[in-house]
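Reviewing the structure listed below.
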Amino acid sequence: MSDDPLPPSSPTPAPGRPTVRTAAVIPAAGRGVRLGPGAPKALRALGGTPMLVHAVRAMADSRAVSLVVVVAPPDGAGEVKSLLDAHALPERTEVLVVPGGESRQESVKLGLDALPEGYDIVLVHDAARPLVPVDTVDAVIETVRDGAPAVVPALPLADTVKQVEPAAAPGGPEPVVATPDRSRLRAVQTPQGFDRATLVRAHETVTDDVTDDASMVERLGLTVVTVPGHEEAFKVTRPLDLVLAEAVLARRRLNDGF
């Protein structure tokens, strides 16, 4: 790993297409309280390896990604760097660790600020989505290369969704006010991909608290498009998710030698 990486060469572009370098930012400063007591969520073990390492490898598996910026807890950058140094990562991909902020939004901004010049596409990926397949990563990158300012992988909803009024007291009944047409709804995943200039402008302009970076681009009045997500790109937030992730990883190792 390098603390001051230079952009390595990207894969040879298609004829007539200019070289475009891609970097990924992984905010990993959260505690993940819903997983229960213990290490920060990104450092929890999955198949004997920290989830963060799986997430970095998932980005580095794409030959288009030549730099991964990991945004660590504000007081834990050294620990995270040592952890990543202890695990084998693709040599073609540089990894940079920087301290994060108090919120996810602030951490992503700090990751963006750390990017060297020469990267035109930026992925933002949740450390808690350790098993996203490389085909999904590549589809996001390709769609940004084709001109979309912001791209998100997404899945159709399997369940009916209800819009409700908040309960009068925590845990109380919530009145249903509407049933949206689920055929027009999508569950959004990561990595989300962006034209770098667009994402930088979004973080400089939007100050409201938002749930993802694509929402910030929407606030600029720009169009965000979706590409097909993948069932294995689910977010590990609760103990049951860890059980499912272990099962997916075990199946991969059995079938693919992963």
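The values are calculated or read from the model by the stated rules, or taken from the named source; none is laboratory data. Just so it is clear, the model here is predicted, and its values are computed rather than measured. Every residue, glycine as well, gets a Cβ built from its backbone with ideal geometry; the counts of neighbours run over all protein chains shown. We work out accessible area using only protein heavy atoms, side chains counted, and drop any ligands, DNA or RNA first. Shrake-Rupley method; radii C 1.70, N 1.55, O 1.52, S 1.80 Å.
General remarks:
- Rounded to the nearest 5, the antiparallel percentage of DSSP beta bridges internal to the chain is 40%.
- Of all accessible heavy-atom area on segment 147-258, the percent that carbon and sulfur account for (1.4 Å): 53 percent
- For the chain: accessible area per residue (Å², 1.4 Å): 50 Å²
- Neighbourhood net charge (14 Å Cβ-Cβ; Lys/Arg +1, Asp/Glu -1) for Pro149: -1
- Among [x] 28, 23, 19; [y] 45, 19, 16; [z] 32, 21, 19, the entry that matches semi-axes √(5λ) of the Cα gyration tensor in Å as calculated here: [x]
- Once both labels are positioned 7 Å from their Cα atoms along Cα-to-Cβ, the gap between Val134 and Leu254 label points is 2.3 nm.
- The relative contact order of the chain comes to 22 percent, based on Cα pairs under 8 Å that sit 6 or more residues apart.
- Projected label distance in nm at Val20 and Thr207, using a 7 Å step from Cα toward the beta-carbon: 3.3 nm
- Model label points for Lys235 and Glu142, set 7 angstrom from Cα along the Cα-to-Cβ axis, are 2.7 nm apart.
- Proximity of backbone amide H atoms, modeled 1.01 Å from N, is registered between Val95 and Ser2, Val68 at under 5 Å, excluding neighbours fewer than 5 places apart on the same chain.
- Choice from Ala128, Ala168, Ala72 with maximal GNM fluctuation in the chain (Cα, 10 Å cutoff): Ala168
- Cut-off 17 Å (backbone N to label point 7 Å along Cα→Cβ of Asp61), residues of segment 130-146: 130-142
- A cut-off of 5 Å between modelled amide H atoms, ignoring neighbours fewer than 5 places along the same chain, links Arg186 with no other residue.
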